[in-house]
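What follows is one structure encoded as C-alpha cells, with my remarks underneath.
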Amino acid sequence: MDLVIVANAPDLDAAPFRERIAAAGRRVAADGGALPLMRLGLPPHVVIGDMDSLDAAALDVLAAGGAELRRFRRDKDETDLELALLYAAEQGAQAIDIIGALGGRWDHTLAIVALLAAAS
C-alpha cells in the first residue's frame, strides 16, 4: 500500500500534488493537514494528532465523512507528523509521500529532519 501524509504546514497549497494524493491508497492527515485535503475535495482516511489545529466543525465534517480520528494528548513527546509516520509504518506502507513537512515551526522541522535521519 502506498500512503500520503499531509502535514500542517502554514499556507500549504496541496493543489500541485492533487494527482498523487488522489492516487494514494490511503490519505493520512497530521492534525491540521486535514484542511488542505478538505479544500481539495480529497478528505483524509485518517487524522492523527492532538487535534489542536482543527475546530469542532471541521472535526464533525471529517467524522461524518468517515475519517478515522486518532486523538492524542497535547502533552505527548511526538509531533503529529511523527505519529502519522508511525501509523504508516504500522500499516505496512510500501511507499510514503509527505507533503507539507517543512516550514512554519522550526522545532517541528528539526524534529522531522532528525526523525528521518534516524530512520536511514
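Hand me the trypsin sites (Lys or Arg not before Pro) from region 28-83 located in a DSSP loop with no more than 14 other Cβ atoms within 10 Å, in residue order please. Here the sparse-neighbourhood loop sites are Arg73, Arg74, Lys76. Measuring r between the beta carbons of Glu78 and Met1 and using R0 = 30 Å, the FRET efficiency lands at 0.85. Within the shell of other residues whose beta carbon sits under 12 angstrom from the beta carbon of Arg26, the net charge comes to -3, with Lys and Arg scored +1 and Asp and Glu -1. Ranked by the mean number of other Cβ atoms within 10 Å of their residues, highest first, the peptides 5-13, 42-50 come out as 42-50, 5-13.
If you roll a 1.4 Å probe over region 14-67 with all protein chains in place, what percent of the accessible area is carbon or sulfur? Numbers along the way, then the final one.
Numbers: 1270 of 2330 Å².
It is 55 percent, rounded to a whole number.
Taken along the Cα-to-beta-carbon direction at a fixed 7 Å, the label points for Arg71 and Ala15 span 3.4 nm.
The values are calculated or read from the model by the stated rules, or taken from the named source; none is laboratory data. Bear in mind the structure is a predicted one, so any value in this text is a computation, not a measurement. Every residue, glycine as well, gets a Cβ built from its backbone with ideal geometry; the counts of neighbours run over all protein chains shown. Just so you know, the surface numbers come from the protein's heavy atoms only, side chains and all, with ligands and any DNA or RNA stripped out. Shrake-Rupley method; radii C 1.70, N 1.55, O 1.52, S 1.80 Å.
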